[in-house]
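No value in this document is a laboratory result; all are computed from the given coordinates. Nothing here was measured: the structure is a model prediction, and the numbers come from that model. Backbone-built Cβ (ideal geometry, glycine too); neighbour counts: all protein chains shown.
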Amino acid sequence: MEPGDDVLARRWRHGDPQAAAAVVARYTDALGAVAYAIVGDMSLAEDVVQETFARAARGIRSLEDPARLGRWLVGIARHAAVDTVRKRRRERPLAGQDVPSPHGNPACEAARAELRVSLRHAVAALPEDQRDLFVMKYMAGMSYREIGRALAMTPDAVGQKLWRIRRKLQHELEDLRP
């Protein structure tokens with residue numbers, strides 16, 4: 001049986017590199033999804049995840065409740081992602097990221113691109129807690145159990161919240177249905 005977050009956090013605090021590696025393995029996908037939802041670029045999201053773990057390693061002693069390790073890491077990832085977006089905006093304006101495929105029907109490709117942009121905006125407009133759930137499930141492919149562990153929720157609560165989020169997004173995007 002895998003050790004819980006509280007055990008890993010305590011071991012990490014005491015300098016156990018295996019505990020740190022286990023935390024990285026457990027949370028990389030979730031943090032990558034959270035970061036991508038904010039920065040909108042996979043390579044930047046990977047950088048944010050690395051920065052998140054670096055900040056966490058420096059601040060692990062400040063974690064008050066080791067059982068909330070996942071929630072703490074998600075908060076660090078959010079802040080690191082927002083910092084990255086701010087830095088990028090100062091450097092240069094963000095360019096469009098959706099490039100239509102040279103193959104296929106141009107009208108279909110344009111509609112797909114519009115849907116992707118609309119979905120990205122709708123997800124970005126969700127409150128942080130809802131956005132985290134959505135991206136962990138649908139971008140990182142995490143199970144309800146894994147999400148629940150990361151966010152200190154039961155798998156049933158994760159499922160219920162995701163159902164409400166999907167309904168909300170469907171309602172907001174219903175104008176784009178054919």
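Counting Lys and Arg as +1 and Asp and Glu as -1 over every other residue whose Cβ lies under 15 Å from the Cβ of residue 58, the net charge comes to +1. Here is the list for segment 1-79: GluC sites (Glu not before Pro) lying in DSSP coil, each with at most 14 other C-beta atoms within 10 angstrom of its C-beta, are 64. Each helix, a run of at least 4 DSSP H residues, gives -39500 (n - 2.57); summed and divided by the residues of the chain, these come to -24000 deg cm²/dmol at 222 nm.
Contact order for segment 1-66, expressed relative to its length and based on alpha carbon pairs under 8 Å spaced 6+ residues apart, stands at 36 percent. Take the Cα of residue 105, step 7 Å toward its Cβ, do the same at residue 82, and the gap between the two points is 4.2 nm.
Applying 1/(1 + (r/R0)^6) with R0 = 45 Å to the Cβ-Cβ distance of residue 113 and residue 152 gives a FRET efficiency near 0.75. Taking label points 7 Å from Cα along the Cα-to-Cβ direction, residue 14 and residue 124 give a separation of 4.5 nm.
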